[in-house]
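Report on the structure given below.
Where a number appears in this text, it was derived from the coordinates with a stated rule and is not lab data. Everything quoted here is computed from the prediction, not taken from an experiment. Positions of Cβ are generated from backbone atoms using ideal geometry, with glycine treated the same way; all protein chains shown enter the neighbour counts.
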Amino acid sequence: MIKSKAWNWNMVADDDKYWNLPAPEVYYLSENWKSKGFNELLDIGCGLGRNCIFLAKNGFVVSTFDLSEKSVQATTQKAKEQGIEFKDIRVADMLDMPYPDSSFDCVLAMNVISHTDKLGFDKILNEIKRVLKPGGEAYFTVGSKESYWYNNPDCIYVDDYTKIRVEDGPENGIPHFYINDDDCKALFNDFEIVKIQNVRELTAYGNFSPHYHIWLKKSR
Ligand SMILES: C[S@@+](CC[C@H](N)C(=O)[O-])C[C@H]1O[C@@H](n2cnc3c(N)ncnc32)[C@H](O)[C@@H]1O
């Protein structure tokens, strides 16, 4: 299994607009999960805190972690300034989540759990299943094999799903796991599928960034 590597958030401005506004899907998820009576929420890989702070403000009891110390410091500081308290926030690795079995009604991971290889991805899916309560749900994104980066010959091959990005930015040297439609059908058999979408987003850098948005449920 490839070694985990945190983002270098020192290369991103603290007030960067993209990383400070909640992901659009999170507004809908917040309503959907509240309507199901979900309360205990885990945000894997908090980054600069855009999603976990929004969800805590919306009444969820939020635990979160990130491998990056800078992420955890920045998120803790922002939450404090906004009068938000998390149930738990700490530095941790998603390969080995520091929570007991069946702790959460819902788990969110926006642009996080693809930072590993195939062995790591399988382990993280098991971890998500372990920490979810029966009937709980997970929503996460995974890069598509149609992506520019998956097909870039400068990126370093790890396995048929995984490339290490070589770039002059915060993701330099970080593994990325990519999937296609067939992989979607094969990888998530341990869960019920709520919804899977293939989203092609035009980025600020002028290229399309295709991601799968995966919404799963742990059976009761
Ligand atoms: C693209 S950022 C997304 C941050 C946040 N989820 C958001 O949407 O704003 C990916 C985050 O995952 C974290 N990360 C990468 N590998 C990790 C691991 N093994 N365990 C926990 N966090 C990790 C990085 O440090 C970074 O903060």
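What full-extension length gain, to one decimal in nm, is calculated for ASP160 and ASP16 as 0.36 nm per residue of separation minus the Cα-Cα distance? Working shown, then result.
Details: separation 144, 0.36 × 144 = 51.84 nm, distance 3.31 nm.
Stretched out fully, the ASP160 to ASP16 stretch lengthens by 48.5 nm.
Classify segment 54-110 from the C-alpha gyration tensor, please: rounded if a/c falls under 1.5, else prolate or oblate depending on whether a/b exceeds b/c.
Details: a/c = 2.11, a/b = 1.18, b/c = 1.78.
In terms of gyration-tensor shape, oblate.
For each pair in LYS36/LYS185; LYS3/LYS118; LYS34/LYS123; LYS3/LYS185; LYS5/LYS133, compute the distance between the two Cα atoms and list the pairs where it is over 20 Å. Walk me through the numbers on the way to the answer.
Details: LYS36/LYS185 26 Å; LYS3/LYS118 12 Å; LYS34/LYS123 28 Å; LYS3/LYS185 27 Å; LYS5/LYS133 28 Å.
Violating the 20 Å limit, Cα to Cα: LYS36/LYS185; LYS34/LYS123; LYS3/LYS185; LYS5/LYS133.
Put +1 on the Cβ of each Lys and Arg and -1 on the Cβ of each Asp and Glu in segment 1-88; which of ALA74, LEU21, ASN8 then has its Cα farthest toward the positive end of the dipole?
Checking the options against the dipole of segment 1-88, the answer is ASN8.
Could you tell me which helices of the chain pass both thresholds, a Cα extent of 15 Å or more along their own axis and a mean Kyte-Doolittle hydropathy of at least -0.5, with helices taken as whole DSSP H runs?
On the way: long enough: 24-35 (18 Å, -1.09); 69-81 (18 Å, -1.55); 118-131 (20 Å, -0.25).
Span-like helices in the chain: 118-131.
What shape does segment 129-220 have by the C-alpha gyration tensor, where a ≥ b ≥ c are the square roots of the eigenvalues, rounded means a/c under 1.5, and otherwise prolate means a/b greater than b/c and oblate the rest?
Verdict is prolate for segment 129-220.
Report the gain in length on full extension from ASP168 to ASN189: 0.36 nm times residue separation, minus Cα-Cα distance, nm rounded to one decimal. Could you put the intermediate results ahead of the total?
On the way: separation 21, 0.36 × 21 = 7.56 nm, distance 3.70 nm.
Extra length available between ASP168 and ASN189 comes to 3.9 nm.
Report, for the chain, the % of DSSP beta bridges that are antiparallel, rounded to 5.
Details: 23 of 42 bridges.
Percent antiparallel among DSSP bridges in the chain is about 55.
Using a Förster distance of 25 Å, how high is the FRET efficiency between ASP182 and SER219, based on the Cβ-Cβ distance and rounded to 0.05?
Numbers: r = 23 Å, r/R0 = 0.92.
After rounding to 0.05, the efficiency reads 0.60.
How would you rank 133-144, 205-216, highest first, on the average number of other Cβ atoms within 10 Å across their residues?
Details: 133-144: 20.2, 205-216: 16.3.
So the order, starting with the most tightly packed, is 133-144, 205-216.
Assuming a ≥ b ≥ c are the square roots of the Cα gyration tensor eigenvalues, decide whether segment 1-138 counts as rounded (a/c under 1.5), prolate (otherwise, with a/b larger than b/c) or oblate. Display every interim value, and only then the final one.
Numbers: a/c = 1.63, a/b = 1.03, b/c = 1.59.
Oblate shape, in that a/c is at least 1.5 and b/c is the bigger or equal ratio.
Once you keep just the Cα pairs under 8 angstrom separated by 6 or more residues, what percentage relative contact order results for segment 1-102?
Details: 128 pairs, mean separation 26.4, N = 102.
RCO, segment 1-102: 26 percent.
Taking the Cα-to-Cβ direction at ASP101 and at ILE196 and moving 7 Å from each Cα, how far apart do the two end points lie in nm?
2.7 nm
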